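Just below is one structure, and these are the notes that go with it.
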Amino acid sequence: MVPKIRKKMALRLALVGFVCFLILLVGVVATHSNNSKSSISQTSLPHIERRGLVTRVIDGDTIVIDNKNHIRLVGVNTPELHPTPEPGAFEAKQFMEDQCLGKKVGLDVDDAKPKDKYDRTLAVVYIDNGGSWANINAELLHRGLAVVLYIPPSEFNPYSWAG
């Protein structure tokens, strides 16, 4: 009789241990998933060459600063809004509006190729989050709102942001 009770007790303990392990695993996965989607990666001292106020968001990868300077986010490509909106285009634009519109941003202009064929400034765009800076180009990639678009020459390696 005693061996049967011990066997049942051992099985119950093993089951409780397994359930605890599963709960812990789900918690770790959920925390990692939430951190990678909800928080924006921060850096303390980016190379900022220019600053400006975002006065318009054209789409997910183009903004206007100070009502005149068109900035094309270098190294990334978001779905197009025109002529027909591609899947994800509105979400990318909304993200940019939420993060940048009406806010001061810092620009790290691509020294290897400062302008594109449309005369837009090619740059990494940073937003100031109270003393730490977030690379918005990289954040678009992390959130799945953009894909890497590497067009040499460029001083930036957007593949390093995607990892």
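Some points to look at:
- Estimated D of the stretch 100-163 in µm² per second, where Rh is the Kirkwood radius over Cα pairs and Stokes-Einstein applies at 37 °C, 0.692 mPa s: 259
- Neighbour-limited loop hits for trypsin sites (Lys or Arg not before Pro), the stretch 54-163 (at most 13 other Cβ within 10 Å; DSSP other than H, G, I, E, B): 68, 103, 117
- Contour minus Cα-Cα distance for residue 148 and residue 117 (0.36 nm per residue): 9.3 nm
- Amide H contacts under 5 Å for residue 133: 43, 44, restricted to partners 5 or more places along the chain or on a different chain, H placed in the peptide plane at 1.01 Å from N.
- Dimensions (Å) - the stretch 40-142, Cα atoms, principal axes, largest first: 39, 28, 23
- Evaluated over the stretch 50-162, the count of Lys pairs having alpha-carbon atoms less than 23 Å apart is 12 (only pairs 8 or more residues apart or interchain).
Coordinate-derived values only; no laboratory data. What you see is a predicted model; the values in this text were computed from it and never measured. Glycine gets a Cβ as well: all are built from the backbone with ideal geometry, and neighbour counts include every protein chain shown.
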